1. Would you confirm whether or not the range 90-110 contains a residue that is in contact (Cβ under 8 Å) with a residue 40 or more places away in the chain, closer than 20 Å to residue 5 by Cβ and not in a loop (DSSP other than H, G, I, E, B)?
2. Confirm whether residue 79 is in contact (Cβ under 8 Å) with a residue 60 or more places away in the chain and over 30 Å from residue 6 (Cα atoms).
3. So which residues in the range 32-70 are part of a loop (DSSP other than H, G, I, E, B) and either in contact with a helix residue (DSSP H, G or I) (Cβ under 9 Å, 6 or more places away or on another chain) or under 21 Å from residue 8 (Cα atoms) (or both), if there are any at all?
4. Would you be able to tell me the number of residues in the range 86-112 that are within 12 Å of the chain's Cα centre (by Cα) and surrounded by 15 or more Cβ atoms within 10 Å (Cβ to Cβ)?
5. Going through 112, 133, 84 one at a time, which residue ends up being touching a helix residue (DSSP H, G or I) at 6+ places or on another chain (Cβ under 9 Å), outside the structural domain of residue 16 (by TED's automatic domain parsing) and within 21 Å of residue 9 (Cα to Cα)?
6. Within the range 113-134, how many residues turn out to be surrounded by fewer than 19 Cβ atoms within 10 Å (Cβ to Cβ), assigned to a strand (DSSP E or B) and modelled with pLDDT of 90 or more?
7. Which one is surrounded by the fewest Cβ atoms within 10 Å (Cβ to Cβ), of the residues in the range 1-16 that are in contact with a strand residue (DSSP E or B) (Cβ under 8 Å, 6 or more places away or on another chain) and modelled with pLDDT of 90 or more?
């Protein structure tokens with residue numbers, strides 16, 4: 001079984017990518033009730049909609065959900081439609097830079113993390129296999145910084 005990552009450590013880590021990231025925790029108190037993965041992700045998206053943000057990470061335990069969300073991430077996703085140029089951005093490795101194109105509209109969650117479809121020879125992404133969305137930003141967003 002995978003070791004759980006503390007919410008505090010996750011929050012600190014994600015602040016490197018999106019400084020506006022916040023955490024929301026939801027839990028059930030009933031001894032019989034628990035969260036299914038589908039219920040947890042539906043709730044995370046609803047909370048994101050209410051707070052004008054989008055989930056960067058959704059950690060699901062039977063009785064508890066931790067949602068890390070960002071308004072800046074939502075703004076980026078709104079501009080990352082099929083055909084949009086995007087750039088890989090990881091502040092931990094600023095020396096690595098490459099660009100790509102969004103191959104398909106939409107986002108999916110694999111495990112706890114959002115994934116997008118990018119085509120990039122430099123990154124070895126074929127547009128069919130999803131990549132971790134947090135590392136990619138619209139090219140025009142990068143030039144604004």
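The values are calculated or read from the model by the stated rules, or taken from the named source; none is laboratory data. Remember, it's a predicted structure, so these values are computed and weren't measured experimentally. When we count neighbours, we look across all protein chains shown, and the Cβ atoms used for this are built from the backbone with ideal geometry, even at glycine.
1. yes
2. Values: in contact (Cβ under 8 Å) with a residue 60 or more places away in the chain: yes; over 30 Å from residue 6 (Cα atoms): yes.
Answer is yes for this residue.
3. First, the residues of the range 32-70 that are part of a loop (DSSP other than H, G, I, E, B): 32-36, 51-53, 61-63.
Within the range 32-70, 35, 51, 52, 53, 61, 62, 63 qualify.
4. Qualifying residue count, the range 86-112: 3.
5. Details: 112 fails: touching a helix residue (DSSP H, G or I) at 6+ places or on another chain (Cβ under 9 Å); 84 fails: within 21 Å of residue 9 (Cα to Cα).
Exactly one residue qualifies, and that residue is 133.
6. Qualifying residue count for the region: 4.
7. Keep residues of the range 1-16 that are in contact with a strand residue (DSSP E or B) (Cβ under 8 Å, 6 or more places away or on another chain), which gives 4-5, 7, 10-11, 14.
Filter again for modelled with pLDDT of 90 or more, leaving 11, 14.
Working: 11: 16, 14: 21.
Ranking the candidates gives 11 first.
Here's the yes/no breakdown for (1) surrounded by 22 or more Cβ atoms within 10 Å (Cβ to Cβ); (2) under 13 Å from the mean Cα position of the chain (by Cα); (3) within 20 Å of residue 139 (Cα to Cα); (4) modelled with pLDDT of 95 or more:
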| residue | (1), (2), (3), (4) |
| --- | --- |
| 41 | no, yes, no, no |
| 46 | no, no, no, yes |
| 49 | no, no, no, yes |
| 53 | yes, yes, no, yes |
| 61 | no, no, no, no |
| 72 | no, yes, yes, yes |
| 79 | no, no, yes, no |
| 83 | no, no, yes, yes |
